[in-house]
Amino acid sequence: MSLFEAIILGIIQGLTEFLPVSSSGHLELGKEILNVQVKDPLLFAIVVHAATALSTIVIYFRDILHLIKSLFQFKWNVETKFVTMIAVSMLPVAVIGLLFEEQIETFFEGKILLVGCMLIITALLLWFSSRTSAKDGEVGFIQSIIIGFAQAVAILPGISRSGATISTALLLGIKREQAARFSFLMVLPPILGATALKLKDYVEATYGHPAAGEAVAGAQEVGPLALTLGFIAAFVAGLVACRWMIALVRRAKLEYFALYCAVVGLIAILYGLFN
């Protein structure tokens with residue numbers, strides 16, 4: 001992967017992580033257009049996902065700090081309930097990620113037809129949720145589990161994580177601002193956890209078990225500088241996209257992204273069928 005390709009893909013990840021158009025799907029499309037061949041396709045994806053997680057922390061820093069302080073008061077209040085619901089929402093993606101890691105990795109291998117089909121599903125979710133009127137519901141136990149399953153399904157490239165979780169929250173009657181806040185904060189623990197596990201596996205395979213070197217040979221193709229530039233590009237683009245998406249959810253402007261996903265999805269399907 002060249003430095004230029006790393007920057008372009010990082011920008012794609014940063015913009016599409018928060019906008020409801022599927023970052024993983026667009027990464028696959030971007031790699032196909034740029035003809036990027038990576039033997040370990042999840043390595044770069046996890047690095048740029050970590051960058052967008054950092055941009056979320058920056059945007060919601062005061063909010064996160066306030067939630068952490070509230071936890072140490074050891075009282076059942078609004079903040080403690082919110083953190084508990086985030087923890088509950090993590091269960092589906094944690095179970096699926098641990099049990100089906102190898103199967104999940106196979107989805108990130110240039111399956112453009114799959115990406116196209118999943119983008120159509122994202123478009124439908126966005127369209128239906130954009131038709132719902134504004135409500136003032138809160139995130140409870142049942143809602144957090146359902147939104148957690150939406151996040152788990154969004155492991156598939158082409159299903160937008162923010163689109164799936166925010167749309168699901170809106171369809172459940174949760175008020176718009178809380179839907180966006182919950183969606184962006186709930187992804188932090190899974191992304192940080194997945195990044196830590198991937199780095200652990202990479203270090204062990206590279207330095208702890210030399211015989212396993214071939215298994216991670218693809219990781220060597222994405223050099224440290226390319227990973228760094230991709231990280232920076234994704235972080236900066238993520239800052240811009242996160243603020244933009246918060247404003248768009250408040251103004252209920254999701255149907256435009258539904259149209260975009262539908263068009264890109266159809267193009268991806270046609271490309272996949274005829275190539």
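Worth pointing out:
- Identity of the residue in segment 183-205, surrounded by fewer than 17 Cβ atoms within 10 Å (Cβ to Cβ), at pLDDT below 75 and aliphatic (A, V, I, L, M), that ends up nearest to Leu172 (Cα to Cα): Leu197
- Selection count, segment 236-275, where residues are of a type in the set (Phe, Trp, Tyr) and within 12 Å of Ala180 (Cα to Cα): 1
- Segment 79-98, residues that are touching a residue at least 60 places away in the same chain (Cβ under 8 Å) and of a type in the set (S, T, N, Q): Ser89
- Residue match in segment 57-76 (condition: among the small types (Gly, Ala, Ser) and under 19 Å from Ile155 (Cβ atoms)): no
Per-residue answers, yes or no, for (1) more than 13 Å from the chain's Cα centre (by Cα); (2) assigned to a helix (DSSP H, G or I); (3) free of Cβ contacts under 8 Å to residues at least 60 places away in the same chain; (4) closer than 11 Å to Val249 by Cβ:
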residue: Val139; (1), (2), (3), (4): yes, no, yes, no
residue: Ile145; (1), (2), (3), (4): yes, yes, yes, no
residue: Phe149; (1), (2), (3), (4): yes, yes, yes, no
residue: Pro157; (1), (2), (3), (4): no, no, no, no
residue: Ser162; (1), (2), (3), (4): no, yes, no, yes
residue: Phe184; (1), (2), (3), (4): no, yes, no, yes
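- Among the residues listed as Val264, Val216, Val249, Val222, the single one being modelled with pLDDT of 85 or more, out of contact with any Pro (no Cβ under 7 Å at 6 or more places or on another chain), surrounded by 15 or more Cβ atoms within 10 Å (Cβ to Cβ) and of a type outside the set (D, E, K, R): Val264
- Output for segment 109-137, where each listed residue is more than 23 Å from His49 (Cβ to Cβ) and not in a helix (DSSP H, G or I): Arg131, Thr132, Ser133, Ala134, Lys135, Asp136, Gly137
- Pairs, first closer than 11 Å to Val236 by Cα in segment 43-54, second assigned to a helix (DSSP H, G or I) and among the charged types (D, E, K, R), C-beta under 8 Å, six or more apart: Thr52/Glu17
- Residues located in segment 30-44, provided they are of a type outside the set (Lys, Arg), surrounded by fewer than 24 Cβ atoms within 10 Å (Cβ to Cβ) and on the phi < 0 side of the Ramachandran plot: Gly30, Glu32, Ile33, Leu34, Val36, Gln37, Val38, Asp40, Pro41, Leu42, Leu43
- Among residues that are part of a loop (DSSP other than H, G, I, E, B) and of a type in the set (Val, Ile, Thr), Val93 is not included.
- Leu172 meets each of the listed conditions (1) touching a Leu at 6+ places or on another chain (Cβ under 9 Å); (2) buried (at least 18 other Cβ atoms within 10 Å of the Cβ) apart from (1).
The values are calculated or read from the model by the stated rules, or taken from the named source; none is laboratory data. Just so we're clear, the structure is a prediction, and the values are computed from it rather than from any experiment. Backbone-built Cβ (ideal geometry, glycine too); neighbour counts: all protein chains shown.
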